[in-house]
Structure formats: C-alpha cells, structure tokens
1. For the pair residue 97 and residue 258, what calculated FRET efficiency results from E = 1/(1 + (r/R0)^6), where r is the Cβ-Cβ distance and R0 = 35 Å, to the nearest 0.05?
2. Need one number: % antiparallel among DSSP beta bridges in the chain, to the nearest 5.
3. Pairing the Cα long axis of helix 258-270 with the longest principal axis of the chain, what angle in degrees results, from 0 to 90 and rounded to the nearest 10?
4. Given Cα pairs under 8 Å that are at least 6 residues apart, what percent is the relative contact order of the chain?
5. By how many nm would the segment from residue 198 to residue 362 lengthen if fully extended, with 0.36 nm per residue of separation less the alpha-carbon distance?
6. Please list the equivalent ellipsoid semi-axes of region 96-223, computed as the square roots of five times the alpha-carbon gyration tensor eigenvalues, in descending order and whole angstrom.
7. When only C-alpha pairs under 8 Å and at least 6 residues apart count, what is the relative contact order of region 106-231, in percent?
8. Sort out for me the Cα centre separation of region 56-122 from region 233-269, rounded to whole Å.
C-alpha cells in the first residue's frame, strides 16, 4: 500500500527523521492560509501516487501566500499520469547546499534488505542505476543483525556525502532503517535528501510503501488506502476481493494459489506467450468466485484466451469443473478457454469439461501451449 508524501513524512517524524514543516490543503485558499502560517517561501506539491510530479508541473515554489493560493488553484484538479490531484502539500521551501538520495527496499535475489544512498539526488534513481550504477552505494542488512551505526556512516561516506554531514546522514539513514523494519515497509525512500546550508539533513520528499501482508499488524494504515493509486482493473479486483495484478500480455490466467499462478505465468512464458494478468482465487474454486474472476478478466479487451489452472486438494475436481461451467455459462465467455485440473477426481472433472467447448489439458505445459496457440489464433 502506497502512502502519500505528507503521510510518509508524518511517520518519518515519529522516527526522528527531519522533514520541512507542512500542512495539507484541498482548496487554494487553504494553501494560502497555510503559507501565511508557515512563512514564505513555500513549496506547493501535488499529492498523487505517481512519480514525475515536478516534470508534470505538479510542484511550485511560492514566494507569498497569494502565490501559494494561485499555485494550488492551478495544481488542484490537474491530471498527472491519469490521476486527478485533490490535495496539495504546502511546506517550507528548503534551500539546499547539496541533494542526495537514500532508500531502503527488499533485494529478493539476495533475500535481504538493501540500504542505498547516492550523491545523485533529485533525479529518478532508475536513471542513475542504468547510466552510472557505481554512483549508488549499497549495503545488505539482515533484520536480525540490524543496521549498525558504523554501517550507516560508512554508507554515507561511500555515497559521497560531504564529510561534515557524514555523521548526520548516517543517523538519518539509521532512523529510516528502523522505520522500514518496524512499520513493515516494502519501500522507504527519500529523494531528494537535502543537505541544507547550515549542515542539516532533511527529507525534502518522502515515499513509503507498506507491505499489504503486514496490515494486520498496522490496522491504522487501512484507512489510508486509496483506490485511485491502482489500475482500473486492479481497483475493480480490490472491490471484488480478488488478488489481481495486471500484466501486458493476452493470455488471461486464473489459478487457486499464488505459487500455482506464478508457475502458470512461467509456463506461458516458456511457450513464448505473455500472460495478461496474475489472478489468484484462493484455495477452492467456488462458482461465484470463478464467475467474479472470469468477469474481471473479460473486462480486459487484450485477452484473447483464458487459462484456468486448478489444483483440487480438499476440493474435488469434478465439483470444480461443475462450478467452472456454471460460472462460464452465466458470464458468457467470448474467448477460448483452456482448463487444467489436477488432484482429487481430476479424471471425472475433465470428463465433464470434454462435453463442452472448453479445452482440457492434463499437464501445465500442455495447458500453456494450448492457451498461447489459441491467443495467437492458432489451433490448440
């Protein structure tokens, strides 16, 4: 779950991370009043869950309250990458002597937390990683061992922080690490991290993503979730209670279990196909759940074939097949569909499906081959 900048900064302040003073406004006159309270100059910043706000004109510096009012009136209602700006953050404008980057995320390849810092602040870190990866200093940390103060200072030094700021930068990054672990974050990022003229290290921007799987430990964050941060189909999936991620292919995928769905995506890729989505319907395959899943997939006009991959454990495959047929009949599936059943009474399940137009497969590779061929207009 992504947090807005102003929400992320509130959390950072709890951990001793210094941020500019600021308040949120949803109307232009509110922005002017906030600017008057804070004292100018101020930065007026669009609050949307996308990057590139500055390039899109979503950030402005105002020298007076009237300018803040005008800037907010221009930014509010603006469309930035498909999202409408409904709030702005009005905060003290910080004059930077130097801009840096600091970020923490999960390195899945190493199964570890990676803490990063760079002297290339203020630009997309992906650009830096592509053109000059040596400018990003990294250290891999186990949450059990913790992030030691000397490691934080060493990282700041390796990242190119001015020597006078190495101690403060190390403390800043160490606080960010505590936040990352204790709040169950998937990402904690500050870009730019500003070194002010008086030697203070300040989070001029802030980005935090909370791991959805840890929200039961942080119920206070559930109220902060906003559907406008997702793709339209992902929003609809959320409303239907489905675990769905939109991809860029043309083979719709439904499976019961995250691991099985991931394996299905790999099988499609191995057949030179591309999956249109990740969709996990959970342990069983009840007709109502399958119907919801089919309706959702068919909302994507790119889908040219559907692959349903179900493992019947406690749920019998013949019951799964009956549910699939009932769901498909009620939805009115307009594209070819391939079903692979494995598990309890799988032969009985396949026998039911053979009496219909639904293609069946005994193995995952065969199912993927058929689905990719059907999506490309070939034979199964």
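1. That pair, residue 258 with residue 97, gives E of 0.15.
2. Within the chain, antiparallel bridges account for around 75 percent of the total.
3. Tilt relative to the chain: about 80 degrees.
4. Once divided by the residue count of the chain, the mean separation gives 12 percent.
5. 52.1 nm
6. 24, 16, 15
7. Reported as a whole number, the value is 18 percent.
8. First find each Cα centre; the distance between them is then 32 Å.
FYI, it's all coordinate maths here, none of it is from the lab. Because the structure is predicted, anything quoted here is derived from the model rather than measured. Positions of Cβ are generated from backbone atoms using ideal geometry, with glycine treated the same way; all protein chains shown enter the neighbour counts.
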